Structure formats: structure tokens, C-alpha cells
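Below you'll find the structure, written out as C-alpha cells, and then a few comments.
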Amino acid sequence: MIILGINAYHGDVSAALLRDGELVAAVEEERFTRVKHAAGFPTNATAECLAVSGATTGEIEHVAISRDPRANLLRKALFALRSRPRRGLVADRLRNAGRVREVAARVAEVLGLTRDQAGGRMHWVEHHPAHLASTFFCSPFEEAAIGAIDGFGDFVSTSVAVGRGPTMDVIGRVYFPHSLGLFYLALTQYLGFWKYGDEYKVMGLAPYGQPDRVDALRRLVHLKPGGGFELDLSYFRHWSEGVSMTWDDGEPVIGKVYTPKLEELLGPARRSDDLIGPRHEAIAASLQVVFEDAAVHVLNALHERTGLRRLCLAGGCAMNSVLNGKIRERTPFREVYVQPAAGDNGTSLGAALYVWHQLLGQPRRFVMQHGYWGPEFAEEEIRRTLDQRSA
Ligand SMILES: [Fe+2]
């Protein structure tokens, strides 16, 4: 049985293909378009997965999409009623939900099927369960605690679960607008890095500074008993104003997510062309400390609830390797598995694995031992291309 997984109209769009529950191909669209973190629909990645696997479109029985516009609808409605976000925010979200629904049409087009044929094979897998599945079902663990921490997806920013064999149970969630990924993004923008996915630069800047703004930054994230947390929303505008977000074909773009109150707290924001000074390094170092403390708070509570010593981690925040290196030191977890495509790129794989195990009840048979699932090029082919280009 062939299952095609797709991450579309988000960052890092990708495709992955399972044959009888084993991964045979996975690749991101950015590898073809050369647009970093490419959004839109993974047309080339889907075609490549078919080429690498040798599968025909007729063989694809299930198409798993790592979004579910119907997920958490009640939460979304309550939020809209209580917070009365500006019309721009609601319009943006509706536009994206509309785009996600267009996925069926794009799947049909790329696979050469009718809309009805494509629609009949599709499964909408909520973003966070796709993250959770993307790490646990690839891991060598029969039983493990699972954590997904990111910006947002389908109105959730953090989720924790327990995985046993071919099933997983979500036991906790943190909902929009509270998010550790958003916290890191706000400070990344404040420090003058505006490209989607620039957080790793700030993580790299952190060790150069003294973390002497930790107390100030703790005002932005309040840790709650039981592993939860809340943002002080007066420092953020993603929840109240129409922060522009673009998930169409091309590079994702996110508008400013912090309010002027952050500059009142920390001083003027760095412009992209300003030199980086000790103040910026100190803020990056402090951000990393506050972020790590919050993530460790989530993970320690997860251990307390489950008693498990094995942890599988995913979500964009699981790309913070500095945090990952401290998990064994700061939590009781002894064995940690982070799937190589822990960001949104891996949700295509996660959605496919979710369908195979969680929906179809199939047993575990795959452990991801490496990250090389895309196109291959023989040395001779590379030499020929270089010769042609240099001619
Ligand atoms: Fe995500």
C-alpha cells in the first residue's frame, strides 16, 4: 500500500512516500525551487517522490495532508469572540484555510486524477499530531513520551503525547496565541533577522553574549503549573492585529509580531544593517536561557505525567540543538530521539505515518536511520553538469 504525505501552504513544504509503512522517498520543495523554506504546494517534491519510489499515481491509496482546517474550530470561535481580533487577522486565516482546501485540486492536478478521485483518497491530519507522529513512529522506541513545540499549526503551539506501539495519545496542548516559537520569533525579528526561519542565527549568536536580560525577558513568558505557559500578550501583536503571513508559492513572509512595548523593555530594536554589538548578544543569550527554561518546564512535566524515560521530539523548536543537548542534563529523560526533519518539512512524513498507524492500525516496521530520502546524483552526472556549466 502506498501513502503519499504532503505539507502544503505552510513553511518548508514537502512530500513523503510510504510503501507498506516504510519510508521510500521524502524531499522538500526548496531543493527544486532553490527558495529557502519554500511555501505553496510541493509540486516538484511530489513528482520526485513518485520518481524515486517508482510508484504510479494509480497505486497511491491514501494522500495525507498535514493540516486540518476543521481542527479546533470551537477554540478558534471562542478566541474570535473573546479577543475580537482585527478583521485583517481573521481574513488572513480564512484565506489560508481556503488555500488549504485548494490542496485537493492541486493533488488531483499533480497526480493526474479527477477531483473526486483525489478527494476520496485524502486525509486531513492536524498539524501537531503530524509532528508527533513524525518523530515517534520513526523512532526505535516501542514506548515513549512525545513532545512537539513550534510556532503554530491548526491553532496549537505545543502538544505532548504518549506513544505505544502503533498508537499515540495526545495528553496535553497549548493553544494559540501562546507559543514558545512565537516568543523566539519575536526576539529574532527584534534583533534584526527578518527572514522566515532565521531563529537559528539567534541561537548561534547567543553564546557570544552574557545572559544579563533574563529577568526582563521572563516578563514575556509565564510558566504555569503542569507544564503549561502563557505569553504576556501586551508584547505581541500576532493575536490582535493583522500580522501579514504569506504561505503562497515562494518564500514565506511573516510581518512584525512584537509591539513597541518590547522596545520599551529592551531598548531600540536592531535594524538589519546595524552592526551587532554586546547588547544584541546579551539579548540573544537571555532569550536562549528563557526559551530553554520554558521548554525544560514542558518536558519535565511530561516526564512527571508519564514516568517514561524515553522522549521523541519534533516541531520547529526541536531544531534548537542547544536545547536538545541539555535535555538529558536538565530532565529525567535518558534517551532522546529527534527526527532529522523535525520542522514543518517533516509533517508530510508524519501525516503519512499517522494514517498508516493511527488510522489504519498497521504495526510498526520502520526506524529512520538516516536523512537521505531525496534524489540521488551519480558522480558522472555531477561532473557532466559542472563541465556544461563551466563551458
Ligand atoms: Fe509546526
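None of the figures in this text is laboratory data; all of them are computed from the coordinates on show. This one's a predicted model, so the numbers in the text were calculated from it and none came from an experiment. Don't worry about glycine lacking a Cβ; one is built from the backbone with ideal geometry, like all the others, and counts go over all protein chains shown.
Taking neighbour Cβ counts within 10 Å as the exposure measure, how do LEU220, LEU78 sort from fewest upward?
In order of increasing Cβ crowding within 10 Å: LEU78, LEU220.
Report the gain in length on full extension from VAL367 to ALA47: 0.36 nm times residue separation, minus Cα-Cα distance, nm rounded to one decimal.
112.8 nm
Can you run phi through the Karplus equation (6.51, -1.76, 1.60; θ = phi - 60°) for the stretch 163-171 and list ³J(HN,Hα) in whole Hz, with x for Gly and Pro?
x, 9, x, x, 10, 9, 10, 6, 10
For LYS224, go through the lysines and keep the ones whose alpha-carbon is under 30 Å away, minus same-chain ones fewer than eight residues off.
LYS76, LYS201, LYS256, LYS261, LYS326
Suppose the Debye formula is applied to equal point scatterers at every Cα of the chain; what is log10 I(q)/I(0) at q = 0.06, 0.07, 0.13, 0.14 Å⁻¹?
-0.23, -0.32, -1.09, -1.25
Under 5 Å between amide hydrogens, which residues at least 5 positions from GLY172 or on another chain qualify, with H placed 1.01 Å from N in the peptide plane?
Those qualifying (amide H under 5 Å, at least 5 residues apart or on another chain) are VAL160.
For the pair LEU81 and LYS36, how long in nm is the line joining their label points, each one 7 Å along Cα→Cβ?
Label at LEU81, label at LYS36, 4.3 nm between them.
Could I have the simple spin-label model distance between ALA105 and GLU264, label points 7 Å from Cα toward Cβ, reported in nm to one decimal?
Roughly 4.6 nm, to one decimal.
Using 1/(1 + (r/R0)^6) with R0 = 22 angstrom and r between the beta carbons of LEU360 and ARG305, what's the FRET efficiency to the nearest 0.05?
Approximately 0.20, to the nearest 0.05.
If a/c stays under 1.5 just call it rounded; otherwise compare a/b with b/c (prolate if a/b is bigger, oblate if not). Do that for the stretch 246-320, with a ≥ b ≥ c from the square roots of the Cα gyration tensor eigenvalues.
It is oblate, given that a/c is not under 1.5 and a/b is not larger than b/c.
Expressed as an acute angle from 0 to 90° and rounded to the nearest 10, what is the orientation of the C-alpha long axis of helix 278-306 relative to the principal long axis of the chain?
Tilt relative to the chain: about 60 degrees.
So for each of 63-69, 364-370 I average, over its residues, the number of other beta carbons within 10 Å; can you give me the resulting order with the highest mean first?
63-69, 364-370
So if each residue of separation counts as 0.36 nm, and I subtract the Cα-Cα distance between ASP248 and LYS224, what length gain in nm does that give?
Separation in residues times 0.36 nm, less the Cα-Cα distance, equals 5.0 nm.
Contact order normalised by length for the stretch 174-337, with contacts defined as Cα pairs under 8 Å and 6 or more residues apart; what percent is it?
After rounding, I find 30 percent.
How much net charge surrounds PRO225 when only other residues with a Cβ under 14 Å from its Cβ are counted (Lys, Arg +1; Asp, Glu -1)?
The answer is 0.
Skipping prolines and chain starts, which residues have an amide H placed within reach, meaning under 5 Å, of the one on VAL221, given they are 5 or more residues away or on another chain?
For VAL221, whose amide H was placed from the backbone, the distant partners under 5 Å are ASP232.
Indicate the gyration tensor shape class of the stretch 174-337 (rounded, prolate or oblate), computed on the Cα atoms with a ≥ b ≥ c the square roots of the eigenvalues: a/c under 1.5 is rounded; otherwise a/b larger than b/c is prolate and the rest oblate.
Prolate.
Give the peptides 353-361, 191-199 in descending order of average Cβ contacts within 10 Å, highest first.
Result, highest mean first: 353-361, 191-199.
Could I have the simple spin-label model distance between GLU379 and VAL289, label points 7 Å from Cα toward Cβ, reported in nm to one decimal?
Distance between the two pseudo-spin positions: 5.1 nm.
Provide the packing ranking of 111-124, 266-279, i.e. peptides ordered by the mean count of other C-beta atoms within 10 Å per residue, highest first.
My ranking of the peptides, most packed first, is 111-124, 266-279.
Using r as the Cβ-Cβ distance of TYR208 and GLN117, and R0 as 41 Å, what FRET efficiency do you calculate, to the nearest 0.05?
According to the calculation, E is roughly 0.15.
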